[in-house]
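Trainee: This is the structure, below, for whatever I ask next.
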Amino acid sequence: MARSKFSFILQVVAALVLSAIPILHYPFAWFETLFHELSHGLSAVLTGGSIESIALNYNGSGLCTTIGGNRFLILVSGYTGSACWGFLVYISVTYTKAHSVKIVAALLAILAAFVGILWVRDIVTLSILLVIIIVFFVAYRYGSHQLTRSFIEFTGIYVVMNAIRSPLYLIDGRDIGDGSALSELTYIPEIFWVTIWALIGISILMLLYQRSIKSV
């Protein structure tokens with residue numbers, strides 16, 4: 001139990017350190033952005049709309065263009081969805097047998113390829129997805145079972161933590177982003193939505209902490 005607790009805390013600290021390192025953190029930040037934009041798109045599809053395109057930028061920003069669907073749920077789902085995806089990525093290997101861990105890495109690479117084929121229309125996004133695909137293919141093909149498990153767990157933690165941190169950047173005095181759009185739609189201040197998203201991310205991180213201890 002103590003070892004699992006230490007491992008989780010170490011991964012959290014490593015995620016914090018990596019997030020402050022230029023360039024090196026980009027693949028993990030891109031992965032969180034992919035989940036963020038994909039969550040917008042899936043919400044559109046589930047509420048009767050469709051995905052027009054998904055675009056990712058080198059600086060970690062992104063855009064999902066949708067047609068139809070419930071605008072409120074589409075806007076809410078970005079940060080909420082990325083935190084939930086991070087949770088799923090983490091537990092997908094926490095409770096997986098050693099010989100199946102690499103399959104998870106392959107599935108994550110396939111997911112990125114699937115998004116690229118269906119909804120990407122620009123070379124920048126394609127290049128970002130290619131990096132993500134290569135990273136997880138290498139983990140699938142060349143990493144040991146334990147190393148691949150640790151890498152995917154770390155990816156899940158990083159995604160959740162980025163889902164906590166990213167909404168805070170919306171408090172910049174500019175009327176752009178999901179929080180501003182929700183404020184215009186609901187007449188509820190942007191800070192309310194930022195707080196909700198941060199609390200969701202923190203709650204999921206704490207849940208992962210509890211589950212990591214129980215998994216031993």
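The values are calculated or read from the model by the stated rules, or taken from the named source; none is laboratory data. As the structure is a prediction and not an experimental result, all values here were calculated from the model. Every residue, glycine as well, gets a Cβ built from its backbone with ideal geometry; the counts of neighbours run over all protein chains shown.
Trainee: Select from region 40-58 the residues that are surrounded by 22 or more Cβ atoms within 10 Å (Cβ to Cβ) and either out of contact with any strand residue (DSSP E or B) (no Cβ under 7 Å at 6 or more places or on another chain) or closer than 16 Å to LEU126 by Cα (or both) and list them in ascending order.
Mentor: Restricting attention to region 40-58, the residues satisfying the condition of being surrounded by 22 or more Cβ atoms within 10 Å (Cβ to Cβ) are 40-41, 43-44, 54, 56.
Correct list: SER43, ILE54, LEU56.
Trainee: Which of the residues spanning region 111-128 are in contact (Cβ under 8 Å) with a residue 12 or more places away in the chain, farther than 19 Å from LEU88 by Cβ and assigned to a helix (DSSP H, G or I)? Steps first, answer last, please.
Mentor: The first filter runs over region 111-128 and keeps only residues in contact (Cβ under 8 Å) with a residue 12 or more places away in the chain, leaving 112-113, 115-116, 118-122, 124-125, 128.
Subset that is farther than 19 Å from LEU88 by Cβ: 116, 118-122, 124-125, 128.
Matches in region 111-128: GLY116, LEU118, TRP119, VAL124, THR125, ILE128.
Trainee: Output the residues belonging to region 88-103 that are crowded, with 21+ Cβ neighbours inside 10 Å and at pLDDT 90 or above. Before you say what the answer is, go through the steps one by one.
Mentor: So the first thing to find is which residues in region 88-103 are crowded, with 21+ Cβ neighbours inside 10 Å, and the list is 89-90, 93, 101-102.
Selection gives VAL89, TYR90, VAL101, LYS102.
Trainee: Also, quick follow-up: Do we find that SER77 is out of contact with any strand residue (DSSP E or B) (no Cβ under 8 Å at 6 or more places or on another chain), surrounded by fewer than 18 Cβ atoms within 10 Å (Cβ to Cβ), touching a residue at least 24 places away in the same chain (Cβ under 8 Å) and among the small types (Gly, Ala, Ser) in this structure? Full working, then the answer.
Mentor: Numbers: out of contact with any strand residue (DSSP E or B) (no Cβ under 8 Å at 6 or more places or on another chain): yes; surrounded by fewer than 18 Cβ atoms within 10 Å (Cβ to Cβ): no; touching a residue at least 24 places away in the same chain (Cβ under 8 Å): yes; among the small types (Gly, Ala, Ser): yes.
Criteria not met by SER77.
Trainee: Go through region 129-145 and report how many residues are surrounded by fewer than 16 Cβ atoms within 10 Å (Cβ to Cβ) and free of Cβ contacts under 8 Å to residues at least 60 places away in the same chain.
Mentor: From region 129-145, those surrounded by fewer than 16 Cβ atoms within 10 Å (Cβ to Cβ) are 130-131, 134, 138, 141-142, 144-145; that's our starting set.
Of the ones still in play, those that are also free of Cβ contacts under 8 Å to residues at least 60 places away in the same chain are 130, 134, 138, 141-142, 144-145.
The number of residues fulfilling the criteria is 7.
Trainee: Criterion first (surrounded by 17 or more Cβ atoms within 10 Å (Cβ to Cβ) and either out of contact with any Lys or Arg (no Cβ under 8 Å at 6 or more places or on another chain) or not β-branched (Val, Ile, Thr) (or both)) does SER166 satisfy it?
Mentor: Working: surrounded by 17 or more Cβ atoms within 10 Å (Cβ to Cβ): yes; either out of contact with any Lys or Arg (no Cβ under 8 Å at 6 or more places or on another chain) or not β-branched (Val, Ile, Thr) (or both): yes.
Yes.
Trainee: Within region 107-146, track down each residue that is small (Gly, Ala, Ser) and within 17 Å of the chain's Cα centre (by Cα).
Mentor: Initially, region 107-146 is screened for residues small (Gly, Ala, Ser), giving 109, 112-113, 116, 127, 139, 143-144.
Listed by number, the residues that qualify are ALA109, ALA112, ALA113, GLY116.
Trainee: Continuing with this model, one more query. Conditions: (1) loosely packed, with under 15 Cβ neighbours inside 10 Å; (2) charged (D, E, K, R); (3) modelled with pLDDT of 95 or more. ARG71 meets all but one. Number of the miss?
Mentor: The one condition ARG71 does not meet is (1).
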